[in-house]
Amino acid sequence: MTAYKLGNGSTVRLGKILATAGEGRVADVEGHPNWVAKVFHTTFNGVTSRDELRRKEEGLGRKREKVGAMVQSKPDGWRLGNGHVVLAWPEEVLLEGGVVAGFVMPKIKVAEALEIHQITSASDRANPMPSGPQWGRGFNFRYLSHTAMNLASAVETAHSGGAVIGDFNERNILVAETTQVSLVDCDSMQFARNGRTYLCEVGRPEYTAPELQGRDLRSVTRTQASDLFALAVHIYMLLLDGAHPFQAGDWQGRGERPGAVERIKKGYYSGGPKSPVKPMRTAPPPEILPQDLRDLVERALGVGATDPSRRPQPHEWRSSLEKMIKAL
């Protein structure tokens with residue numbers, strides 16, 4: 001297999017290819033069972049114009065610079081004392097001919113973890129994929145609440161290191177049977193070092209904050225407040241049986257039901273005190289939650305639609321969730 005130099009000067013060889021995605025391939029690292037490597041694609045299939053090729057090559061150049069900066073500035077707490085990986089952060093760059101070809105990152109036992117969307121819905125927990133972990137069947141409201149608390153802690157860890165998660169979607173959040181959470185795809189996060197900001201150039205509309213909706217994310221510098229919106233969406237779904245606050249619900253306002261993006265912009269989340277969208281009869285309403293948690297949801301998704309500064313910080317979620325868990 002191909003040999004690469006690490007940034008520290010040592011040589012490694014890659015083993016079995018584990019996955020191939022849009023930006024590169026992921027492989028085992030021989031002799032390092034706690035690492036995996038991501039090697040960037042340098043050829044781009046499906047490119048149809050010189051302009052598109054130029055954009056792809058410029059994007060690769062930015063990614064090379066970004067992971068080099070990330071390796072130099074790992075957030076405190078990215079790995080816990082028990083070995084659990086909170087952030088799958090780049091640990092060393094891979095060099096090929098002196099050029100950054102990729103990076104190595106901590107290996108997470110993905111075969112033993114579930115993506116967060118696989119536990120938010122009661123039906124998904126009750127009917128897990130036969131080839132995947134089966135422990136989700138035992139996740140009750142207490143476990144989901146602990147998961148929400150650990151997710152808030154993971155966001156706090158990323159933010160303390162100067163990162164903005166950005167593409168904060170359900171595929172990038174892994175949950176262990178212990179309820180501990182890992183954030184993956186960290187090289188896509190927005191990251192700042194030495195006065196340079198490396199952007200997160202992608203994102204899913206259903207997790208994108210109102211102030212960023214409709215904007216070209218390839219050129220937008222995000223604030224951590226945008227993550228606080230997505231965090232609230234994930235916590236809402238964890239505590240209320242997987243219902244997305246801006247996609248589910250019964251429209252009771254005038255005219256035609258608006259789409260999710262329009263609802264996000266207006267703060268029309270399902271069950272909000274000033275929202276014309278009410279929870280479906282099959283979904284639990286926010287009223288089942290303690291008042292302090294409902295207040296946090298309103299600050300994040302309702303009031304926070306027009307005033308991002310009102311969105312709760314991770315420590316506020318942890319405090320309220322811990323209080324609720326103790327009362328269960």
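We did not get these values from a lab; they are worked out from the coordinates using the rules stated. Just so we're clear, the structure is a prediction, and the values are computed from it rather than from any experiment. Cβ: placed from backbone, ideal geometry, glycine included. Neighbour counts: every protein chain shown.
Which shape class applies to segment 211-328: rounded if a/c is under 1.5, otherwise prolate when a/b exceeds b/c and oblate if not, where a ≥ b ≥ c are the square roots of the Cα gyration tensor eigenvalues?
Verdict is oblate for segment 211-328.
Looking at segment 21-55, which chymotrypsin sites (Phe, Trp or Tyr not before Pro) are in a loop (DSSP not H, G, I, E or B) and have at most 14 other Cβ atoms within 10 Å?
44
Which residues make up the longest stretch of the chain that has no trypsin sites (Lys or Arg not before Pro) in a DSSP loop with at most 15 other Cβ atoms within 10 Å?
By the stated rule (loop sites, at most 15 other Cβ atoms within 10 Å), 1-108.
What do you get for GluC sites (Glu not before Pro) in segment 233-328 restricted to DSSP loop and a cutoff of at most 16 other Cβ within 10 Å of the site's Cβ?
Hits after loop and neighbour filter: 256.
Count the lysine pairs in segment 110-327 whose Cα atoms sit under 28 Å apart, keeping only pairs 8 or more residues apart in sequence or on different chains.
6
How do 129, 189, 280 line up, fewest other C-beta atoms within 10 Å first?
129, 280, 189
Just need the relative contact order of the chain here, percent rounded to a whole number, with Cα pairs under 8 Å and 6+ apart.
Relative contact order comes out at 13 percent.
Under a 10 Å cutoff between Cα atoms, tell me which one of 19, 225, 248 has the largest fluctuation in the Gaussian network model of the chain.
Largest GNM mean-square fluctuation: 19.
What is the Cα centroid distance between segment 174-246 and segment 6-73, reported in whole angstrom?
22 Å
In segment 254-328, what chymotrypsin sites (Phe, Trp or Tyr not before Pro) fall in a loop by DSSP, with at most 13 other Cβ atoms inside 10 Å?
Loop-located and lightly packed - none at all.
Mind jotting down the three principal axis lengths of segment 110-327 based on Cα atoms? Whole angstrom, largest first.
47, 47, 33
From the residues 118, 140, 255, which one has its Cα farthest along the dipole of segment 110-327 in the positive direction, the dipole being from +1 and -1 charges on Cβ of Lys/Arg and Asp/Glu about the Cα centre?
Ranked along the dipole, the leading option is 255.
Quick check: the distance between the Cα centres of segment 78-105 and segment 256-279, to the nearest angstrom?
Taking the Cα centre of segment 256-279 as reference, the centre of segment 78-105 is 40 Å away.
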